[in-house]
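This report refers to the structure that appears directly beneath it.
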Amino acid sequence: LKLDIAIAPLESNPFNECKSNLRLLEYGAMGWPVVCSDVFPYQTQNPPVLRCSDSAVEWVAALRRLMIDEALRSQMGADLLVRHL
């Protein structure tokens, strides 16, 4: 798919708090850097991702940070890939 950045938004509610971190595992298997919601499933085992609150400003800042910094994108994607091997 040649993706540069993966996003995993998830609303904070009881249903979503019971989900797994499968999306991060899938993205990690591809070596993609991830910007995700700061909810329980994405906090499990402290993965190397950028977690954001529900603030649009925070999401835009995290995405811009990765868009600007190619080395950070590469490092985060590699770290997530290694963690899930």
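Bear in mind these aren't lab numbers, they're just calculated from the coordinates by the rules spelled out. Because the structure is a prediction, the values reported are computed rather than measured. Positions of Cβ are generated from backbone atoms using ideal geometry, with glycine treated the same way; all protein chains shown enter the neighbour counts.
Neighbours of residue 54, meaning other residues whose beta-carbon lies under 13 angstrom from its beta-carbon, give a summed charge of -2 when Lys and Arg score +1 and Asp and Glu score -1. For the chain, the C-alpha radius of gyration divided by 2.2 N^0.38 Å, with N the number of residues, is 1.02.
Computed over the chain, the per-residue total of -39500 (n - 2.57) for DSSP H runs of n ≥ 4 gives a 222 nm mean residue ellipticity of -14500 deg cm²/dmol, rounded to 500.
Shape of the range 32-79 from the C-alpha gyration tensor: oblate (a/c of 1.5 or more and a/b not above b/c, with a ≥ b ≥ c the square roots of its eigenvalues).
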